[in-house]
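Trainee: Got a structure for you, questions after.
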Amino acid sequence: MVFIPFFVVGAWLGIEGVKETTLKVAEAHRADRIITSGVYSIIRHTQYVGGLYAHVGVSFLLSA
């Protein structure tokens with residue numbers, strides 16, 4: 001039960017990060033502008049933090 005909040009928040013942060021920047025930024029490896037709206041106004045590296053939260057959640061799930 002502990003893993004659910006970590007995993008949900010991690011997945012949400014990852015998905016919102018991709019939706020905010022689109023995949024064009026990842027393909028070009030550069031940003032045309034600095035994004036300061038949405039989830040990026042709170043966390044600069046949303047996909048990394050989301051992945052970390054999801055990893056912690058799965059670790060709780062597997063009792064590692």
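Trainee: Distance in nm between label sites at residue 20 and residue 63, each 7 Å beyond Cα in the beta-carbon direction?
Mentor: 3.7 nm
Trainee: Could you give the length gained by full extension between residue 40 and residue 4, i.e. 0.36 nm per residue of separation minus their alpha carbon distance, to one decimal place? Don't skip to the answer; put the middle values down first.
Mentor: Working: separation 36, 0.36 × 36 = 12.96 nm, distance 2.30 nm.
Roughly 10.7 nm would be gained on extension.
Where a number appears in this text, it was derived from the coordinates with a stated rule and is not lab data. Computed from a predicted model, the values in this text were never measured in an experiment. All Cβ positions, glycine included, derive from the backbone under ideal geometry; neighbour counts span all protein chains shown.
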